[in-house]
1. Using the crude model of +1 on Lys and Arg Cβ and -1 on Asp and Glu Cβ, and no other charge, please compute the dipole size for the chain relative to its Cα centre, in debye to 20.
2. So how strong a dipole does segment 6-75 carry about its Cα centre when Lys and Arg Cβ are +1 and Asp and Glu Cβ are -1, to the nearest 20 debye?
3. Roughly how many percent of the accessible protein surface of the chain is carbon and sulfur, given a 1.4 Å probe and a whole-percent answer?
4. If r is the Cβ-Cβ distance from residue 55 to residue 141 and R0 is 45 Å, what FRET efficiency results, to the nearest 0.05?
5. Given only helices, namely DSSP H runs of n ≥ 4 each adding -39500 (n - 2.57), what is the per-residue ellipticity at 222 nm of the chain, to the nearest 500 deg cm²/dmol?
6. Of 112, 163, 127, which is farthest towards the positive pole of the chain's charge dipole, taken about the Cα centre with +1 and -1 on the beta-carbons of Lys, Arg and Asp, Glu respectively?
7. Determine the principal axes of the Cα atoms in segment 1-110, then give the extent along each, sorted from largest to smallest and rounded to whole angstroms.
8. Please state, to two decimals, what the Cα-based radius of gyration of segment 95-190 comes to when divided by 2.2 N^0.38 Å (N = residues).
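The values are calculated or read from the model by the stated rules, or taken from the named source; none is laboratory data. Bear in mind the structure is a predicted one, so any value in this text is a computation, not a measurement. Counting neighbours? That spans all protein chains shown, and the Cβs are built from the backbone with ideal geometry, glycine included. Quick note on the areas: whole protein, heavy atoms, side chains included, nothing else; ligands and nucleic acids left out. Shrake-Rupley method; radii C 1.70, N 1.55, O 1.52, S 1.80 Å.
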Amino acid sequence: MDNEAMLTPSLPPWPLTPPAHGGVVLRRACESDAAMARELSTDAYVPTIGTLPSHASDAEALAWIGRQHRRYDEGTGFSFVIAAAGTDVAVGQCGLWLSELADGRATAGYSIVPSARGRGFAADALTALTAFGWTVPDLFRIALYIEPWNIGSIRTAERAGYAREGLLRSHQVIAGVRRDMLLLAAVRPE
């Protein structure tokens, strides 16, 4: 076994049945989701917390979709497009990041395009993502890190069953500034 294979955790298979809850289905990104990525890139905050450039061009949106596919291949975790149930229209992105799976831990994240906010898609997506997480053997805890000012995201997490655990001071650099983060978590039901 080479060193790279030893460093890349083995992830469970991609789900045969897409995770779903309420008004959303979580699926792999495809090229036709570039419009969603371009809209997501217009949000002032989203490009500061990930790899999607601000005001992405068509080529940059497609490159971002390619990076989402590689997350699984590289052993980083599962990156899903959030699609509206019934129409399959992409309304956002979410991910379950498994770099700490050997310790039973994961982190999650989610973003909804500005035009689809306020309809419960984020809470449905996080609920579906969390339920999917509990199908991963040896995963017992999923954490979210949310800036304290982001009341909408905090409410979303709480609606999806996450509990506040504390404030992590100067925890993360976002847009070149060290930020406080609220830690919210869900623990595998017994």
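1. Charge dipole, the chain, about its Cα centre: 520 debye, nearest 20.
2. It works out to roughly 220 debye.
3. Values: 5250 of 9760 Å².
Answer for the chain: carbon and sulfur cover 54 percent of the accessible area.
4. With R0 = 45 Å, the Cβ-Cβ based efficiency is 0.80.
5. About -7500 deg cm²/dmol.
6. Checked the options; the winner is 163.
7. 41, 30, 22
8. Values: Rg = 13.4 Å, N = 96, 2.2 N^0.38 = 12.5 Å.
Here the Cα radius of gyration is 1.08 times the empirical estimate.
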